[in-house]
Amino acid sequence: MFVSASRIAAAGLLLALGGACKPSGTASPEAKGAAVDGKEHAFFDGEGKPVELAGFIAGLADVDLVGFGEFHNHAVGSEVELAVLTGMAAQARPVALAMEFFEADQQAALDEYLAGAGDESDFRRRTRRDAKYDDSHRPLIEFAKARGIPVIAANAPRALVTAYRKSGQPYQAWLATRSEAERAVLPASSIPPDDEFKARFLATMGPERGRAFYPSMCLWNDAMAEAAAEFRATHPQHRVLLVVGGYHVARHLGVVTQYLARRPGEAVKVLLMSLAEGPMAFAGADRGEGDLILKVRG
């Protein structure tokens, strides 16, 4: 049985968007049924051909934005994320790391920690890291700190996203009501696109609930797209590796669409995690969902 990345990722969207209910090492792993921490996985290109992770990483040298669409807190995903960051850092062109899981008002705390100011416990308190951070994103942050890699707190503050959803106002009208400090950590614009991403979102959430939450989901996408685009504008030699829930980048939609609206013509690739039950094999629903598909067990 195949479970799509979008269905898995959607399980946490309502909670993450401020909803009232809850739906339900450093070595580079190799492909073709290899294991990380005893977890079987495999890599395929977007058409289903088995491939090696090393070849995908080699092809990122001239890519401007890489979207790593993860299953949150998945052991294999965390190891592969570190392998991708490590591989990109070894290439001639510099890399920056962008994280969905740090909000824009945490950028100062993140920058201070990366610069060696303050201890980790204070950093974790200021950025509200929980115990899951140890085995998920901490290795990325510590590698970035050790190597002097910039890290972008890419997401909009959750409280503001929730406030926007509850306001019922168009984004620009609502943005005008916010303080200068709040506007500084929000995207300058957010226009919910009427596209395949919307169709997928409504199909996943249901038409009534989906319409209610869609503008705030788009604000989330726009925040991450604008954060990456603004960094690229001021650091044109850097590539950006964005670690984000798979729903946001699947099929080059969501954040990717909004990023390219801000940086047209740039090269983007997506690595998307996909859950398999039964044979570790490419499924029809995987086709075209990413440039590299990482099949994993739950």
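A short reminder: the numbers here are calculations on the coordinates, not readings from a lab. Since this is a predicted model, take the numbers as computed values, not measurements. Every residue, glycine as well, gets a Cβ built from its backbone with ideal geometry; the counts of neighbours run over all protein chains shown.
Descriptive notes on the structure:
- Checked against a 29 Å cut-off, the cross-linked pairs 198/269; 132/269; 166/269; 145/269; 166/198; 132/295 give Cα-Cα distances beyond that limit for 166/269.
- Three-way shape label, segment 182-298, alpha-carbon gyration tensor, a/c 1.5: oblate
- Between residue 159 and residue 121, the contour length at 0.36 nm per residue exceeds the Cα-Cα span by 11.3 nm.
- Nearby aspartates and glutamates by direct alpha-carbon distance to residue 49 (threshold 18 angstrom, same-chain neighbours under 8 apart not counted): 30, 40, 286, 289, 291
- Cβ-derived FRET efficiency at R0 30 Å, residue 277 paired with residue 54, nearest 0.05: 0.65
- Gain upon complete extension [residue 199, residue 287; 0.36 nm per residue less C-alpha separation]: 29.9 nm
- Neighbour counting of Cβ atoms within 10 Å sorts the residues 174, 220, fewest neighbours leading, into 174, 220.
- Net +/- balance of residues flanking residue 94 in space, Cβ distance below 15 Å, scoring K and R +1, D and E -1: +2
- Gyration tensor verdict on segment 61-273 (Cα atoms; rounded if a/c is under 1.5, prolate if a/b is larger than b/c, oblate otherwise): prolate
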